[in-house]
Amino acid sequence: MNILQDLETRGLINQVTDRDGLQKHLAENEVTLYCGFDPTGDSLHIGHLVPITMLKRFQKAGHRPIALIGGGTGMIGDPSGRNTERSLNESDVVKGYSEKIKQQIARILDFDKGENPVVARNNHDWLASMTVIDFLRDAGKHFGINYMLAKESVSARIEQGISYTEFSYMILQSLDYMKLNEEEGCTLQIGGSDQWGNITAGMELIRRSRENENDEINVFGLTVPLITKADGTKFGKTAGGAIWLDPEKTSPYEFYQFWLNTDDRDVIKFLRYFTFISEEEIASLEDEINAQPEKRVAHKRLAEEMTLIVHSKEALEQAQKISASLFSGDIKQLTASDIKQGFKDVPTYKAESKDMNLVDLLVAAKISPSKRQAREDIANGAIYLNGERQQDVQYDLQVDDRIEDTFTVIRRGKKKYFLITF
Ligand SMILES: N[C@@H](Cc1ccc(O)cc1)C(=O)O
């Protein structure tokens, strides 16, 4: 199967320019393609995973991907898909963000490895040194105002307002495509669904600036779909905020749990969108969830693959260990670092002293509503300290001094956890 058919089967193509021409182009050449990522924050999030893994898919099919870090465009701000003007970041901030996101992409794509390696470029290298005279003469002349006004990213903002800065953004992205076309022979740009306007603007610039050449100019654009969820809520957002690729912002355990909790109606679709698992295997996972939905085989496989792609084998093992312990209630094997990850969203109470009476603690930490209820909970065997049931109503706390973090995990009933710190 050729790469475009594979992408179509997976539902990964939103729009493509000259589909048949591109199919032929890909069949006959080792194609250099690129996707740009603007450093608008200190981490990428899971919304960026489809374009990133898309570069990998093309690489696996023998093509040559470029991950472009928008160190220059990140200083300006893409209006695409946004209804308000962005605030500008200082250049050292953008530089710091660029480094971080470059490393995150490198983790997933292994720059410079293998026969047709993924390479990284940074558009700061050519955009920052361009003079305003060159910009207006060489690029600006090819952009009609009507053409620019008709772009969705601009027309959608006419009422709200848009600065000349953001209005000009499409010219910068077009210059990137032209630059990479000239220097690297890049003939395909891919991006999110909101990038169609910028991508086609770049194709237009390449054509116009080479109008006098006799050769046929073959450049293409392709966008991936916006990820939608069956329940209609926004993909990638949870009550706790976005799911980040940075393990300091979203721990591998949280990341793993996010995918594990995928809606049953979305899980097969997400396996196609995000993983490299073959269509045959996905079909058999689909059969398995139809036969034994309670086993959640497909969800587990999705969570596993994604944690491996974005983090590491070690991170996956830790996430699985924490998940299994919290599920069974037996947390004796967990280290301080495991507990930090696994109990981030659990209600936490700072105890006044290290030798509190259990009944007093349950009330103070609002685990039980009253002393009477607390005694009943203990006597009934509903209270577990660090995974062990405690049925003595007279019990005084004994603190677990694992590593430098001191804590006690209290479980009430089957799955309600509380973290006591001192
Ligand atoms: N404009 C893209 C990022 C990008 C930057 C430069 C490019 O040449 C291409 C893409 C975005 O906001 O997602």
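What follows is calculated from the coordinates using simple rules that are stated; it is not laboratory data. This is a predicted model, so every value here is computed, not measured. Backbone-built Cβ (ideal geometry, glycine too); neighbour counts: all protein chains shown.
Brief remarks on what is shown
- Qualifying position, being without any contact (Cβ under 8 Å) to a residue 24 or more places away in the chain, small (Gly, Ala, Ser) and within 16 Å of the ligand (Cβ to nearest atom), among SER91, SER87: SER87
- Qualifying position, being surrounded by 15 or more Cβ atoms within 10 Å (Cβ to Cβ), out of contact with any Gly (no Cβ under 7 Å at 6 or more places or on another chain) and in contact (Cβ under 8 Å) with a residue 40 or more places away in the chain, among ASP266, ASP246: ASP246
- Residue check for ASP20: over 18 Å from LEU109 (Cα atoms), more than 15 Å from the ligand (Cβ to nearest atom) and either in contact (Cβ under 8 Å) with a residue 60 or more places away in the chain or touching a strand residue (DSSP E or B) at 6+ places or on another chain (Cβ under 7 Å) (or both): no
- Residue in the stretch 133-140 that is within 14 Å of the ligand (Cβ to nearest atom) and either of a type in the set (S, T, N, Q) or farther than 18 Å from ILE76 by Cβ (or both) present: no
- Count of the stretch 160-186 residues which are over 21 Å from ASN218 (Cα atoms) and either near the ligand (Cβ under 9 Å from one of its atoms) or touching a residue at least 24 places away in the same chain (Cβ under 8 Å) (or both): 9
- Within the set THR32, THR73, THR40, the sole residue that is away from the ligand (no atom under 12 Å from the Cβ) and of a type outside the set (Lys, Arg) turns out to be THR32.
- The stretch 197-221 residues that are closer than 25 Å to GLU28 by Cα and in contact (Cβ under 8 Å) with a residue 40 or more places away in the chain, paired with ones that are more than 14 Å from the ligand (Cβ to nearest atom) and among the small types (Gly, Ala, Ser) (beta carbon under 9 Å, 6 or more apart): ASN218/GLY21; PHE220/GLY21
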